[in-house]
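Step one of this worksheet: look at the structure below.
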Amino acid sequence: MAFTLDPLPYPFEALEPYIDAKTMEIHHDKHHGTYVAKLNAALEQAPELQSWSLEDLLKKVSQVPEKVRQAVRNHVGGHYNHQLFWNILSPEGGGEPLGELGKLITRDFGSFDTFKEQFSTGAANLFGSGWEWLVVSPEKKLQLLALPNQDNPLTNGFVPIFGLDVWEHAYYLKYQNKRPDYIAAFWNVVNWKQVEENLKKAL
């Protein structure tokens, strides 16, 4: 069964002025849409995988036939990563997390400010294209993980609950080469309620 591109949960312009409407339109419709199309094309060459979920494909990528393995790895990551990303953004976002998420961030990083600084530094320093992730480890601890390209933490045994896309297509129209400015703006649109839900599922 083919995977589909879900619509954004808000209008393209909803995250202005932090993320501009044209970037959101191109990022969602063109970049994310291409990952979905190419994932489906790869799976047509391996029909036995078509019943697998995104999570199965990521966790068991070593079991994917070699002829399509790299294509599946790239495009299933691109699809999963973006689905998570759109949902952790909101025009009503920003501030600090409360509840269990806030407690665990304080437990594992010392404070929200320390977490925010470490996450921002990791995202800014990630070489080339990739993602900065907040993940739940197998030991049920929160930790940061920087991965290249569209690699996903599930492949490495971690559960992603929060991530930032630092591919240039995510920010270049508005921020050009100033990735740190994009990262600073991102904190104003984080949907912490959704991240809390992601945490509950991961635990």
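With the dipole of the chain worked out from charges on the C-beta (+1 for Lys and Arg, -1 for Asp and Glu) around the Cα centre, which of G93, W133, V64 lies farthest toward the positive end? About the Cα centre, the residue reaching furthest to the positive side is V64. At the listed q of 0.11, 0.14, 0.16, 0.22 Å⁻¹, the Debye profile of the range 20-87, built from one uniform point per Cα, gives log10 I(q)/I(0) equal to -0.27, -0.41, -0.52, -0.87.
Can you tell me what percent of all Cα-Cα pairs in the range 99-202 are more than 22 Å apart? Within the range 99-202, distances greater than 22 Å cover 27 percent of Cα pairs.
Rg to Rh for the range 123-171: what is it, with Cα atoms only and Rh by Kirkwood? With Rh from the inverse mean 1/r over Cα pairs, Rg/Rh is 0.98. Comparing Cα centroids, the range 124-183 and the range 67-95 end up 10 angstrom apart. The Cα-based radius of gyration of the chain, divided by its Kirkwood radius, gives an Rg/Rh of 0.96. Using alpha carbons only, the radius of gyration of the range 91-158 set against its Kirkwood radius gives Rg/Rh = 0.98. Give the cross-link partners of K141 among the lysines, using a straight C-alpha distance below 24 Å as the criterion and excluding same-chain residues fewer than 8 apart. In chain and number order, the partners are K59, K60, K103, K116, K193, K200, K201.
Note on K174: aspartates and glutamates with a C-alpha under 12 Å away, same-chain residues under 8 apart excluded, are E16, D20. Of the residues Y10, Y35, the one with the fewest other Cβ atoms within 10 Å heads the list, and the complete ranking is Y10, Y35.
None of the figures in this text is laboratory data; all of them are computed from the coordinates on show. Remember, predicted model here, so these are calculated numbers, not experimental data. When we count neighbours, we look across all protein chains shown, and the Cβ atoms used for this are built from the backbone with ideal geometry, even at glycine.
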